[in-house]
Structure formats: C-alpha cells, structure tokens
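Asker: Shown below is the structure under consideration.
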Amino acid sequence: MLKTRIMPTLLYRDLGLVKGEGFDPWRRVGGAMQAIKVYNMRDVDELVFMDITATKDDRPPDFDLIDDLADECFMPLTVGGGVRHEDDVRGLLKVGADKVALNTAMVSDPELVGRCAQRFGSQCIVASIDARLEEDGSYQVYTHSGTQPAGIDPVTLARQAAEMGAGEILLTSIDRDGRMCGYDVALTMAVSRAVTIPVVASGGCGDYRHMAEVLSDGGASAVAAASIFHFTEKTPAEAKQYLKSQGFPVRQ
C-alpha cells in the first residue's frame, strides 16, 4: 500500500518565499534555503518548490538556485516554474530536482508530458493543474500562476496528462489557496476518479482534519500544504501522527 505523503510547498518570488490567498496578494515568509534546512529536521516526505513568476516573466528556471537548494535538501524535491521544454526538465533533473512539475507548458504544448515521460521516466514528471470554480459551477484550468484561463477543465487535462505518461497530478484549488478553509474535496474527487495515477491535493489546508478529509472523501494520495506550516505551530510530524491515528498509512 502506498504511504500517504505530507508535502510542504515553497512559493518563490523575487529572491524570497511568499504566501498569499487565491494566488494573490503575496506576503513574505522567509528565505528558501532557511526553509529547506528547517524541513530537513521536520520529518517531511517530499518538498515542492515553485518559482511563481518565472513563466509570467518568460524566463527559464533558475538552475543555479535549484542546484544550491538541492545540495541542502535531504528529501525528494519537486521543482516547477518556467519549464517550457525538455531541456528545462533535463536541466532541473541534472542539478538535483527529483521531479519536475509541468503547468503552463503542458497546456500550450499538450505533447510535452509524453515527450518528457518517454525521455526521463514517468516517475519524475508531475502534471501541475491549477483550477478555479467558475460562476456556472464548472471548474476551469488557469495557467501563468492562475492568471489566464486555459479553456479546458481539470478532469480532461488530468486524463490527458495521465495518458501521456505523467507520474502524478499536483492539483491546486486557486479559490481555496491560502485561506486555510479546507481542500476542495469535490474537485479532488472528480480528478482522482478520472485517473489511476496519484493525485496530490493542494490549496486550502488549515487543519490536520482537512488532510484526512481530502484523503478519505476526495481520493487524494498525498497532501501538499503551505500556510498551515508557515503561519501556525502545526508541523508535518504532527500531521503524520494525526493521520496515523485516523488509520492512514504514513511514512515513519
């Protein structure tokens, strides 16, 4: 049985880490290297690092930065932001990323997931999907850090990514992001039912109970979170203990 993973998320912008609500506005929360050193000591399963302005600024990933961070990161590291083609994926893996998240480029170039999965292996390709609930009750994918509607729904995109060979889905609710009101269970359930690969729920976690809810009712395989670890005294280790008490298999 797959273990339930707890994955803190680091959002990087203009030389530091930030956190906001609904992908905006952004509040400074410290330095990336400092955060990684702290998480090294906090029983973290995996770490997600997203450069949230790289794509909007039309620049590639900061390979030197990831090289420095990966040298100090003693847990699997997923990196996203600014990835446009296979060479960017290769470059990130070369400097120490364990997985690479594809987001905007996955929509603009639907074949990219397949090419990367074939070249580097499905295990290191993450389909990162940011979705928003529209006024008509439907969900739509947004790209460019949640600023541009993509004209596709998250279930369809998730299916396409899985069929192309993505190893897992990182699914973020833009509406819930940073609000600590709980994950979007309905969104997570819809995507989880549509694919056979793991779905990582993201956006909205404010309590360990929210994690248990999206795992049990939403069908998620893992949970990513940021605000709960930045702005409260809660820790990944305590999250694991709570989930274990609720019957979820966790890594010790």
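Asker: Segment 37-122: which GluC sites (Glu not before Pro) are DSSP loop and have at most 10 other beta-carbon atoms within 10 angstrom?
Answerer: Hits after loop and neighbour filter: Glu111.
Asker: Using the alpha-carbon centroid of each, what span in Å lies between segment 2-29 and segment 113-170?
Answerer: Here the answer is 19 Å between Cα centres.
Asker: For a 19 Å ceiling on Cα separation, which of these pairs sit above it: Lys19/Lys94; Lys19/Lys56; Lys99/Lys240?
Answerer: Among Lys19/Lys94; Lys19/Lys56; Lys99/Lys240, the Cα-Cα distance tops 19 Å for Lys19/Lys94; Lys99/Lys240.
Asker: At 222 nm, what helix-only mean residue ellipticity would the chain give, in deg cm²/dmol to the nearest 500, using -39500 (n - 2.57) for each DSSP H run of four or more?
Answerer: Calculated from helices alone, the mean residue ellipticity at 222 nm is -9500 deg cm²/dmol.
Asker: Using a 1.4 angstrom probe, figure out how much accessible area segment 70-208 has per residue, in square angstrom, rounded to the nearest whole.
Answerer: Averaged over the residues of segment 70-208, the accessible area is 39 Å².
Asker: What share of the DSSP beta bridges in the chain is antiparallel, in percent to the nearest 5?
Answerer: Rounded to the nearest five, the antiparallel share is 30 percent.
Asker: Which percent of the accessible heavy-atom area of the chain goes to carbon and sulfur, probe 1.4 angstrom?
Answerer: So the carbon and sulfur contribution to the accessible surface is 46 percent.
Asker: Straight-line reach from Lys244: which lysines fall under 19 Å, measuring Cα to Cα and dropping same-chain residues less than 8 apart?
Answerer: Leaving aside lysines fewer than 8 places away in the same chain, those within reach of Lys244 are Lys3, Lys234.
Asker: According to the Cα gyration tensor, what semi-axes, each the square root of 5 times an eigenvalue, does the equivalent ellipsoid of segment 100-252 have, listed from largest to smallest in whole Å?
Answerer: The three semi-axes for segment 100-252 are 25, 18, 13 Å.
Asker: Specify the residue with the greatest mean-square fluctuation among Gly114, Gly146, Gly30, computed from a Gaussian network of the chain linking alpha-carbon atoms under 10 Å apart.
Answerer: Greatest mean-square fluctuation among the candidates belongs to Gly30.
The values are calculated or read from the model by the stated rules, or taken from the named source; none is laboratory data. Here the structure is a predicted model, which means the values were calculated and not measured. Don't worry about glycine lacking a Cβ; one is built from the backbone with ideal geometry, like all the others, and counts go over all protein chains shown. Remember, those area values only see protein heavy atoms, side chains included, never the ligands or the DNA or RNA. Shrake-Rupley method; radii C 1.70, N 1.55, O 1.52, S 1.80 Å.
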